[in-house]
């Protein structure tokens, strides 16, 4: 598995192109589609996946779908968030998911597999995607380097995000964490960085 990161959109979202054996999935396309397509030009893009429905993670979806023919996937619990955010910041029709993801689903491409973990809190339908064999997890806006996601937006829930972060930090400490914004980190580092936060209760 190869992982390429592109900073996209006004909020510099981490858009990931994850590649295996000539096939790819694109995570959180926040815009600047030409940059994404240039990186993926010789690849078969199987899926376009949003870790949640906020505009800065989906603005590139329509153009990518139209160009690549790939399916668009998101958790069903974020459909309302997707529509509300798109109506504020997007243009044209709201991107229509081809199917909805739920915990336990597996996204296959090349010889790689990304498994879905439902990690609500930042939004009701926030997800993380992980590959045990590669030792990686993509956490969207749930977990960052030294921080957790905001819960003061529509659908945010501080209790749920804390539960979700605790679940993520149960992964092996060697796992690399690819967040929705900011720098790469590891489970090991975030157990240390967030040790006091993890003791909080609501």
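The values are calculated or read from the model by the stated rules, or taken from the named source; none is laboratory data. Quick caveat: nothing in here was measured; it's all calculated off a predicted structure. FYI the Cβ positions are ideal-geometry reconstructions off the backbone, even for glycines, and counts take in every protein chain you see.
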Hits in segment 139-149 - residues which are surrounded by 20 or more Cβ atoms within 10 Å (Cβ to Cβ) and over 15 Å from residue 54 (Cβ atoms): 143, 148
- request: Look at residue 27 and say whether it is free of Cβ contacts under 8 Å to residues at least 60 places away in the same chain and in contact with a helix residue (DSSP H, G or I) (Cβ under 9 Å, 6 or more places away or on another chain).
  value: no
- request: Could you run through segment 28-42 and say how many residues are assigned to a loop (DSSP other than H, G, I, E, B) and either surrounded by 21 or more Cβ atoms within 10 Å (Cβ to Cβ) or in contact with a strand residue (DSSP E or B) (Cβ under 9 Å, 6 or more places away or on another chain) (or both)?
  value: 6
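From 125, 155, 121, grab the single residue that is at pLDDT below 95 and touching a helix residue (DSSP H, G or I) at 6+ places or on another chain (Cβ under 6 Å). Walk me through how you get there before you give the answer.
Details: 125 fails: at pLDDT below 95; 121 fails: at pLDDT below 95.
Only one candidate qualifies: 155.
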query: From the set of residues in segment 87-126 that are surrounded by fewer than 17 Cβ atoms within 10 Å (Cβ to Cβ) and at positive phi, which is farthest from the chain's Cα centre (by Cα)?
result: 92
message: Restricting to segment 85-109, count the residues that are out of contact with any helix residue (DSSP H, G or I) (no Cβ under 9 Å at 6 or more places or on another chain) and part of a helix (DSSP H, G or I).
response: 1
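Can you go through 45, 18 and tell me which one is assigned to a strand (DSSP E or B), buried (at least 20 other Cβ atoms within 10 Å of the Cβ), modelled with pLDDT of 95 or more and more than 14 Å from the chain's Cα centre (by Cα)? Let's see the steps before the verdict.
On the way: 18 fails: more than 14 Å from the chain's Cα centre (by Cα).
Answer to the selection: 45.
Being assigned to a loop (DSSP other than H, G, I, E, B), within 17 Å of the chain's Cα centre (by Cα), crowded, with 20+ Cβ neighbours inside 10 Å and at pLDDT 95 or above, is that true of even one residue in segment 63-84? Write out each step before concluding.
Just the residues of segment 63-84 that are assigned to a loop (DSSP other than H, G, I, E, B), to begin with: 69-70.
Checking which are within 17 Å of the chain's Cα centre (by Cα) leaves us with 70.
When the remaining residues are screened for being crowded, with 20+ Cβ neighbours inside 10 Å, the result is 70.
When the remaining residues are screened for being at pLDDT 95 or above, the result is 70.
For segment 63-84, residues assigned to a loop (DSSP other than H, G, I, E, B), within 17 Å of the chain's Cα centre (by Cα), crowded, with 20+ Cβ neighbours inside 10 Å and at pLDDT 95 or above: present.
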field: Counted residues, segment 151-183 - those being touching a strand residue (DSSP E or B) at 6+ places or on another chain (Cβ under 8 Å), part of a loop (DSSP other than H, G, I, E, B) and touching a residue at least 40 places away in the same chain (Cβ under 8 Å)
entry: 5
- prompt: Does residue 144 qualify as being touching a helix residue (DSSP H, G or I) at 6+ places or on another chain (Cβ under 9 Å) and at pLDDT below 95?
  reply: no
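For segment 1-10, name all the residues that are at pLDDT 95 or above and part of a loop (DSSP other than H, G, I, E, B). Outline the logic, then answer.
To start, the set of residues in segment 1-10 that are at pLDDT 95 or above comprises 1-8.
Listed by number, the list holds a single entry, 1.
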